[in-house]
Amino acid sequence: MKNLLVIYHTQSGNTGRMASAVIHGAQSEPEVTVRERRAFDGVLEDLLWADTIIFGTPENFGYMSGALKDFFDRTYYPAEPYQLSKPYAIFVS
């Protein structure tokens, strides 16, 4: 069984609809367990649980959302001792 974390931020709902499509597709695989988190709700334990991570963000003037940046800022130093090296993907709306 593989664990997939889908972590995203949506404000207008567009990125949320994309996240739903990603989650729906992943759940069609019998060997995949999916955990969905909004960026402000994601924590270190989610990263440690996941085998693979998919990040979703709206595009804001060529940059990710502040909420996803906040997630990275909050989890970077706590995750550093674990030397996480996991496959990931990104979707942008």
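The values are calculated or read from the model by the stated rules, or taken from the named source; none is laboratory data. Given the structure is predicted, the values throughout are model-derived calculations rather than measurements. When we count neighbours, we look across all protein chains shown, and the Cβ atoms used for this are built from the backbone with ideal geometry, even at glycine. Surface areas here come from the heavy atoms of the whole protein model, side chains and all, with no ligands, DNA or RNA. Shrake-Rupley method; radii C 1.70, N 1.55, O 1.52, S 1.80 Å.
Restricting to segment 41-66, and then to whatever is among the polar types (S, T, N, Q) and open to solvent by 20 Å² or more (accessible area, probe 1.4 Å), can you tell me which residue is modelled with the lowest pLDDT? Break it down into steps so the answer makes sense when it comes.
Looking only at segment 41-66, we keep the residues that are among the polar types (S, T, N, Q), and these are 52, 57, 60, 65.
Next, only the ones that are open to solvent by 20 Å² or more (accessible area, probe 1.4 Å) stay: 52, 60.
Values: Thr52: 97, Asn60: 89.
Across segment 41-66, the extreme among qualifying residues is Asn60.
Pick out the one residue from Arg38, Arg74 that is open to solvent by 70 Å² or more (accessible area, probe 1.4 Å) and within 11 Å of the chain's Cα centre (by Cα).
Residue meeting the stated conditions: Arg38.
Checking the condition open to solvent by 60 Å² or more (accessible area, probe 1.4 Å), over 9 Å from the mean Cα position of the chain (by Cα) and in contact (Cβ under 8 Å) with a residue 40 or more places away in the chain, which residue from Ser12, Ser20 passes?
Selected residue: Ser12, the only one of Ser12, Ser20 that is open to solvent by 60 Å² or more (accessible area, probe 1.4 Å), over 9 Å from the mean Cα position of the chain (by Cα) and in contact (Cβ under 8 Å) with a residue 40 or more places away in the chain.
Consider Glu45 carefully, then state whether it is assigned to a helix (DSSP H, G or I), acidic (Asp, Glu), under 20 Å from Lys2 (Cβ atoms) and free of Cβ contacts under 8 Å to residues at least 24 places away in the same chain.
Details: assigned to a helix (DSSP H, G or I): yes; acidic (Asp, Glu): yes; under 20 Å from Lys2 (Cβ atoms): yes; free of Cβ contacts under 8 Å to residues at least 24 places away in the same chain: yes.
For Glu45, the condition - assigned to a helix (DSSP H, G or I), acidic (Asp, Glu), under 20 Å from Lys2 (Cβ atoms) and free of Cβ contacts under 8 Å to residues at least 24 places away in the same chain - is met.
Which residues, taken from segment 67-86, are in a loop (DSSP other than H, G, I, E, B) and at pLDDT below 95?
Residues satisfying the conditions are Gln83, Leu84, Ser85.
Could you tell me whether Ala89 is open to solvent by less than 20 Å² (accessible area, probe 1.4 Å), under 17 Å from Arg37 (Cβ atoms) and not in a loop (DSSP other than H, G, I, E, B)?
Working: open to solvent by less than 20 Å² (accessible area, probe 1.4 Å): no; under 17 Å from Arg37 (Cβ atoms): yes; not in a loop (DSSP other than H, G, I, E, B): yes.
When the stated conditions are applied, Ala89 does not pass them.
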